[in-house]
Amino acid sequence: MMRLGFIGFGEVAYELSRGYKTEGINGIVAYDPMQNDPQYGRLVQERADAVSVILVPQPSEVVRLADVIIAAVPGSRALQAAESIRADLNETKLYADVSTSSPTTKQKIAALIAETGAGFVDGALMGGLTQQQHKVPTLVSGSGAEKFIGKMECCHMNLEKVSDKAGDAIAVKLVRSIYMKGAATLEMEMLEAAHKLQVEDLVLDSIGHSVDAKPFKDMINFLVTASAIHAERQTHEMADCMAMLRDLDIAPTMTEATMKRLQWLADKKMKEKFGGKVPARWQDVVQAWSE
């Protein structure tokens, strides 16, 4: 029978535990450095009680009582969390880090864990935990990825192995975040301007028609290949957008970043490389700017 434990019992561990409880996984243990904090300790305890998770006094206790240890801590503390239990790990243990830390940090953690003989899993949660809990799509990589998938089969998790190399799973999530978080903040800047000009519906309807006209991959291909040829003109257009935003007393943070990226593309002389013709594939553009 699998024994499961958490290092860190914040929202991530709580939501995963909610899901594990529905699968009949009992006896989960956890340690959180804030569990005795005057301000946040009560919240940690309430969450643990709600999903029948047992809080233990030291992280070493989690390792002693569990076969699979999931580190669900902020990315900035992931390496510290691994160091805190390194001496207690052995070849019978599996250590899965699901923090959003950098690939380099995951590789450093993997190196620490390898010295103990335990398997290491770089886990990347790719969706919303509140609705999906333990069934959230999760990418895994690292020396223990295959074993982790086997161990967690009883929980019906949605796991996909990327590779045996630590850092590969989180790299996919972080690259995805460039788009997802970037799109959100770009939309905020656009909506701020649209609201001030009272043209929200007109702008949203126009963008909607463009975006909905093609599947996502086709839209990406169209935008990137077109910009390869028209980057210089688009750079000037974005400069005008910046001027408009400043007139509206709106900081053109995302618009300025767009202009700089387009200028970078224009400086690569894409138009000359492709003879003024829009290339067929975005991959052709990436290859050209890499040369």
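The values are calculated or read from the model by the stated rules, or taken from the named source; none is laboratory data. The model shown is predicted, which means the values in this text are computed figures rather than measured ones. Counting neighbours? That spans all protein chains shown, and the Cβs are built from the backbone with ideal geometry, glycine included. Note: accessible area is taken over every heavy atom of the protein model, side chains too, but ligands, DNA and RNA are not part of it. Shrake-Rupley method; radii C 1.70, N 1.55, O 1.52, S 1.80 Å.
Report the residue count in the stretch 247-264 for those that are farther than 15 Å from A193 by Cα and either surrounded by fewer than 16 Cβ atoms within 10 Å (Cβ to Cβ) or modelled with pLDDT under 95 (or both).
Filtering the stretch 247-264 down to residues farther than 15 Å from A193 by Cα leaves 257-264.
Next cut, either surrounded by fewer than 16 Cβ atoms within 10 Å (Cβ to Cβ) or modelled with pLDDT under 95 (or both) only: 257, 260-261, 264.
Residues flagged as farther than 15 Å from A193 by Cα and either surrounded by fewer than 16 Cβ atoms within 10 Å (Cβ to Cβ) or modelled with pLDDT under 95 (or both) within the stretch 247-264 amount to 4.
I'd like to check something: does the stretch 238-246 contain any residue that is among the aliphatic types (A, V, I, L, M), farther than 27 Å from M126 by Cα, more than 27 Å from the chain's Cα centre (by Cα) and open to solvent by 90 Å² or more (accessible area, probe 1.4 Å)?
The initial filter retains those residues of the stretch 238-246 that are among the aliphatic types (A, V, I, L, M), namely 238-239, 242-245.
Narrowing further to those that are farther than 27 Å from M126 by Cα: 238-239, 242-245.
Filter again for more than 27 Å from the chain's Cα centre (by Cα), leaving 238-239, 242-245.
Remaining after also requiring open to solvent by 90 Å² or more (accessible area, probe 1.4 Å): none.
No, that holds for no residue.
Can you find, within the stretch 1-24, the residue that is farthest from C154 (Cα to Cα) among those that are of a type in the set (A, V, I, L, M, F, W, C) and either in contact with a His (Cβ under 9 Å, 6 or more places away or on another chain) or free of Cβ contacts under 8 Å to residues at least 24 places away in the same chain (or both)? Give the steps one after another, and end with the answer.
Initially, the stretch 1-24 is screened for residues of a type in the set (A, V, I, L, M, F, W, C), giving 1-2, 4, 6-7, 9, 12-13, 16.
Still in the list and also either in contact with a His (Cβ under 9 Å, 6 or more places away or on another chain) or free of Cβ contacts under 8 Å to residues at least 24 places away in the same chain (or both): 1, 16.
On the way: M1: 10, L16: 14 Å.
That would be L16.
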Exercise. Looking at T100, is it open to solvent by 60 Å² or more (accessible area, probe 1.4 Å), touching a residue at least 60 places away in the same chain (Cβ under 8 Å) and in a loop (DSSP other than H, G, I, E, B)?
Worked result: yes
Problem set entry | L191 modelled with pLDDT of 95 or more, touching a helix residue (DSSP H, G or I) at 6+ places or on another chain (Cβ under 8 Å) and farther than 22 Å from Y179 by Cβ | no
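For the stretch 107-151, name all the residues that are among the hydroxyl-bearing types (S, T, Y) and within 22 Å of I25 (Cβ to Cβ). Lay out the reasoning, then the answer.
Looking only at the stretch 107-151, we keep the residues that are among the hydroxyl-bearing types (S, T, Y), and these are 116, 130, 138, 141, 143.
Correct list: T130, T138.
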For this session: Could you look through the stretch 1-46, keep only residues that are more than 16 Å from H134 (Cα to Cα) and of a type in the set (S, T, Y), and pick out the one that is most open to solvent (accessible area, probe 1.4 Å)?
Result: Y40
Exercise. Which residues, counting only those in the stretch 265-285, are surrounded by fewer than 12 Cβ atoms within 10 Å (Cβ to Cβ) and either part of a helix (DSSP H, G or I) or in contact with a Lys or Arg (Cβ under 8 Å, 6 or more places away or on another chain) (or both)?
Worked result: E272
Problem set entry | Where a residue in the stretch 134-149 is at positive phi and its partner, wherever it lies, is in a helix (DSSP H, G or I) and of a type in the set (G, A, S), with Cβ under 9 Å and at least six apart | G142/A110; G142/A169
For this session: Kindly list the number of the only condition in (1) in a loop (DSSP other than H, G, I, E, B); (2) closer than 30 Å to E115 by Cβ that fails for S52.
Result: (2)
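Return yes or no: is S84 surrounded by fewer than 22 Cβ atoms within 10 Å (Cβ to Cβ), in contact with a helix residue (DSSP H, G or I) (Cβ under 6 Å, 6 or more places away or on another chain) and at pLDDT below 95? Step through it out loud before you land on a result.
Working: surrounded by fewer than 22 Cβ atoms within 10 Å (Cβ to Cβ): yes; in contact with a helix residue (DSSP H, G or I) (Cβ under 6 Å, 6 or more places away or on another chain): yes; at pLDDT below 95: yes.
When the stated conditions are applied, S84 passes them.
Which of the residues belonging to the stretch 111-150 are small (G, A, S), part of a helix (DSSP H, G or I) and either in contact with a helix residue (DSSP H, G or I) (Cβ under 6 Å, 6 or more places away or on another chain) or open to solvent by 20 Å² or more (accessible area, probe 1.4 Å) (or both)?
Residues satisfying the conditions are A111, A114, G150.
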Problem set entry | Conditions (1) within 25 Å of M2 (Cα to Cα); (2) touching a Lys or Arg at 6+ places or on another chain (Cβ under 9 Å); (3) open to solvent by less than 50 Å² (accessible area, probe 1.4 Å); number of the one not met by K106 | (2)
Seminar exercise, completed: Of the conditions (1) within 20 Å of E256 (Cα to Cα); (2) open to solvent by 50 Å² or more (accessible area, probe 1.4 Å); (3) of a type in the set (A, V, I, L, M), the single one that L174 does not satisfy is (1)
